[in-house]
Amino acid sequence: MTLRVTIIGLGLIGGSIGLALRQGKADAEIAGHTRNFDRARLAQKRGAIDRAEWNLPAAVERADLVVVATPAAAVREVFAHIAPHLRAGAVVTDVASTKQQVLAWAEELLPPSVSFVGGHPMAGKEQAGIEAADAALFQGCVYCVLPGRGASDEAVNLVLKLVEAVGGRPYFLDPAEHDSYVAAISHLPFLLSATLVNAVATSPAWRDLSRLAAGGFRDVTRLASGDPVMHRDICATNRESIRRWVEQFRRELDRMAGLIAADEAGLEAAFDQAKKRRDEWLAERQRAQLPGGPATTS
């Protein structure tokens, strides 16, 4: 039986899901919806979708599985628009980087005849758009799965099949834990990257500094090239967790400043501790064959 899938939002993640399903030869008919005509045409040309559907109700009314791949702040509007047009028994999932707010919107807006299973693939690039979509983007990545209240076992299993079809490794966790964890390991790194660029580039010496900047500056600031709208929405839907981790980082930065000022031995110990912890993390990822280890560039 052919699975009818509709992907709403044909950027990096939505496009990559479509490409991955196609490369994995999943028995699925994939429709795509986006407000951008050129993006939809390119998604179809690249093979991420079988057809583009400009009318959102028409895009979802026959779908077995709807994947909402829009920026986080747009998810509520999408839920409100599609809710009256979903068939009974349909399954809705998403790929937003924050989950508590999305799950609350799903419970508020989606009909009880529909199951919602939240999702978040821990994969991405600093580039955005269908042009950057990659069928291999999710290979080996942890893919968070967060069933909504009342989601059926069949719905959860369908989303698990999607995760496995695109190459991800499903990982169940609580929405509050998810938002706190990703604030630390995903959202905070972006803020640090963007803040470093702004701090240095506003210097009167930036013209000369930019000529000297090389691999270290490039690598630490890579995330600052990410989609500003997406990251704005992430901060708007995960404010408290992100603020807590920003304060934690501020305290650690103050500690480092103190060590620089008066404790060379303590500073070396702090650097040594950081090196050991990062090396252990990389080794563990390599053992688990997860992206982000020494042999990968994601």
Exactly one of these conditions fails for VAL60: (1) within 22 Å of LEU160 (Cβ to Cβ); (2) under 21 Å from the mean Cα position of the chain (by Cα). Give me its number.
(2)
Could you run through region 185-195 and say how many residues are polar (S, T, N, Q) and free of Cβ contacts under 8 Å to residues at least 40 places away in the same chain?
2
Failed condition for VAL145, given (1) modelled with pLDDT of 95 or more; (2) farther than 21 Å from ALA176 by Cβ
(2)
Is it true that LEU188 is outside the structural domain of ILE242 (by TED's automatic domain parsing) and either out of contact with any Ser or Thr (no Cβ under 8 Å at 6 or more places or on another chain) or modelled with pLDDT of 95 or more (or both)?
no
Please note which helices (runs of 4 or more DSSP H) are completely contained in region 185-266 and include at least 3 residues that are surrounded by 12 or more Cβ atoms within 10 Å (Cβ to Cβ).
188-201, 206-212, 228-237, 239-262
Assuming PHE116 fulfils every condition listed in (1) under 17 Å from the mean Cα position of the chain (by Cα); (2) surrounded by 21 or more Cβ atoms within 10 Å (Cβ to Cβ); (3) not hydroxyl-bearing (Ser, Thr, Tyr) apart from one, which condition is it?
(1)
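Here is a check on your reading of the model: is HIS81 at pLDDT 90 or above, under 18 Å from PRO170 (Cα atoms), under 23 Å from the mean Cα position of the chain (by Cα) and in the same structural domain as LYS161 (by TED's automatic domain parsing)? Talk me through it step by step, then tell me what you get.
On the way: at pLDDT 90 or above: yes; under 18 Å from PRO170 (Cα atoms): no; under 23 Å from the mean Cα position of the chain (by Cα): yes; in the same structural domain as LYS161 (by TED's automatic domain parsing): yes.
No; evaluated as a whole, the condition is false for this residue.
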Breaking point among (1) within 17 Å of GLY11 (Cβ to Cβ); (2) in a helix (DSSP H, G or I), for GLU107
(1)
With (1) assigned to a strand (DSSP E or B); (2) farther than 19 Å from ALA69 by Cα as the list, and VAL92 as the residue in question, which single condition is left unmet?
(2)
Output the number of residues of region 155-184 satisfying the condition of being of a type in the set (D, E, K, R) and either free of Cβ contacts under 8 Å to residues at least 24 places away in the same chain or in a loop (DSSP other than H, G, I, E, B) (or both).
4
Could you check region 119-137 and list, in sequence order, the residues that are part of a loop (DSSP other than H, G, I, E, B), in contact with a helix residue (DSSP H, G or I) (Cβ under 6 Å, 6 or more places away or on another chain) and crowded, with 21+ Cβ neighbours inside 10 Å?
ALA133, ALA135, LEU137
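The values are calculated or read from the model by the stated rules, or taken from the named source; none is laboratory data. Since this is a predicted model, take the numbers as computed values, not measurements. No Cβ is skipped: glycine too gets one built from the backbone with ideal geometry, and neighbour counts run over all protein chains shown.
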